[in-house]
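S.K.: Before anything else, here's the structure in question.
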Amino acid sequence: LLALGCGGDADPGAASATAIETAGPAPAERVATALAALRSAPPPARPPAEEVLAVHRALAAGDLARARELSAALLARSPEDPEAALARGIVLFLSGSYGNARPLLEQALAAAPGFPGADRILYFYGSCLTRLGDGAGARAALEGQLELLPEDGDTLVALGELDLQEGRTEEALDRFERARPSLATEQERGIPVQASLARLEAGAGAALLQLGRVEEAAAALEHSVQLDPSRPETWYALSRARLRLGDLEGASRAVGRFRALSPPR
């Protein structure tokens, strides 16, 4: 699977980011079962199906609308196929439709490790649970992913974001710093990691701001908005950092960008 960040346009049918119960085992139990299976055998070495690759090519090109179209058609043709479920689940997750993504990711998780890409499901499942407010399930999934792929940059960033949500500021900053070498290596290999780097810098900036290291925080947040200027929450954090530095003009500019990017209430 491609290394994909957690951003994306809002899906017209997106569910709100609140915890949604699904039938069957609790997330931690699902994770434990899948992790045991993934420890015992790797996913098959064959490449993903061509239809799945087409979805990921659309995502890599930034064409989320095309990825939605392709993944919906793929799942309609093969509703029991875990590869199709994973592809559609990833697209819905990246579209912000977390409640709709979750059961598809759980369908794929139950079939691990029987198909290509199964060793990356826990990252997407954990990130989805984070946004649905299930911190315990998210942590189990993301730490499981890190066991399978140690020092994986995307997973470390996701865990850092979860640490921040839970008030573990020092741990969060450590995760973000640990993610840098992995993402730098992927960037050197030509893998698109700009969105992940933007999240890393935004998270590091937020952690530094909480720790009172305001100048460092402002620098990290500035870097983040240069990498990805589309995230309103980063502009808001930057405005706070600029205000604490006494830079009223810079704070005003950042607030303006935050308001321009925020959906109307």
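No lab work stands behind these numbers, since they all come straight from the coordinates. Not measured: the values here are computed from a predicted model. Because the Cβ atoms are built from the backbone with ideal geometry, glycine has one as well, and the counts that use them run over all protein chains shown.
S.K.: For the pair Arg259 and Glu29, what calculated FRET efficiency results from E = 1/(1 + (r/R0)^6), where r is the Cβ-Cβ distance and R0 = 41 Å, to the nearest 0.05?
M.R.: 0.40
S.K.: Where in the range 162-188 is the amide nitrogen less than 17 Å from a point lying 7 Å along the Cα-to-Cβ axis of Leu211?
M.R.: 162-181
S.K.: Tell me, what is the percent relative contact order of the chain, built from C-alpha pairs under 8 Å that lie six or more residues apart?
M.R.: Taking the mean separation of contacting Cα pairs over the length of the chain, I get 16 percent.
S.K.: Using Cα pairs under 8 angstrom and six or more residues apart, how large is the relative contact order of the range 1-148, in percent?
M.R.: 34 percent
S.K.: Can you tell me the orientation of helix 82-94 relative to the chain, as the angle in degrees between its alpha-carbon axis and the longest Cα principal axis, to the nearest 10?
M.R.: 20 degrees
S.K.: Assuming a ≥ b ≥ c are the square roots of the Cα gyration tensor eigenvalues, decide whether the range 1-148 counts as rounded (a/c under 1.5), prolate (otherwise, with a/b larger than b/c) or oblate.
M.R.: oblate
S.K.: For the chain, modelled as a Gaussian network with Cα springs under 10 Å, which listed residue fluctuates most, Asp174, Asp119, Asp152?
M.R.: Top of the fluctuation ranking is Asp174.
S.K.: Using only Cα atoms, tell me the angle between helix 248-261 and the longest principal axis of the chain; keep it within 0 to 90° and round to the nearest 10.
M.R.: Roughly 30 degrees between the two axes.
S.K.: Still on this structure, please answer the following. Show me 143-151, 234-242, 249-257 ranked by packing, highest mean number of other Cβ atoms within 10 Å first.
M.R.: My ranking of the peptides, most packed first, is 234-242, 143-151, 249-257.
S.K.: Per the helix-only calculation at 222 nm, which mean residue ellipticity applies to the chain, given -39500 (n - 2.57) for every DSSP H run of n ≥ 4 and division by its residues, nearest 500 deg cm²/dmol?
M.R.: About -22000 deg cm²/dmol.
S.K.: Decide, for the range 42-118, between rounded, prolate and oblate: order the square roots of the alpha carbon gyration tensor eigenvalues as a ≥ b ≥ c, take rounded if a/c falls under 1.5, and otherwise choose prolate if a/b is larger than b/c, else oblate.
M.R.: Oblate, because a/c is 1.5 or more while a/b does not exceed b/c.
S.K.: Indicate the gyration tensor shape class of the range 108-265 (rounded, prolate or oblate), computed on the Cα atoms with a ≥ b ≥ c the square roots of the eigenvalues: a/c under 1.5 is rounded; otherwise a/b larger than b/c is prolate and the rest oblate.
M.R.: In terms of gyration-tensor shape, prolate.
S.K.: Tell me the GluC sites (Glu not before Pro) within the range 67-124 that lie in a loop according to DSSP and have at most 12 other beta-carbon atoms within 10 Å.
M.R.: Answer in residue order: Glu80.
S.K.: Does anyone have the angle between helix 121-131 and the longest principal axis of the chain? Alpha-carbon axes, 0 to 90°, nearest 10?
M.R.: 50 degrees
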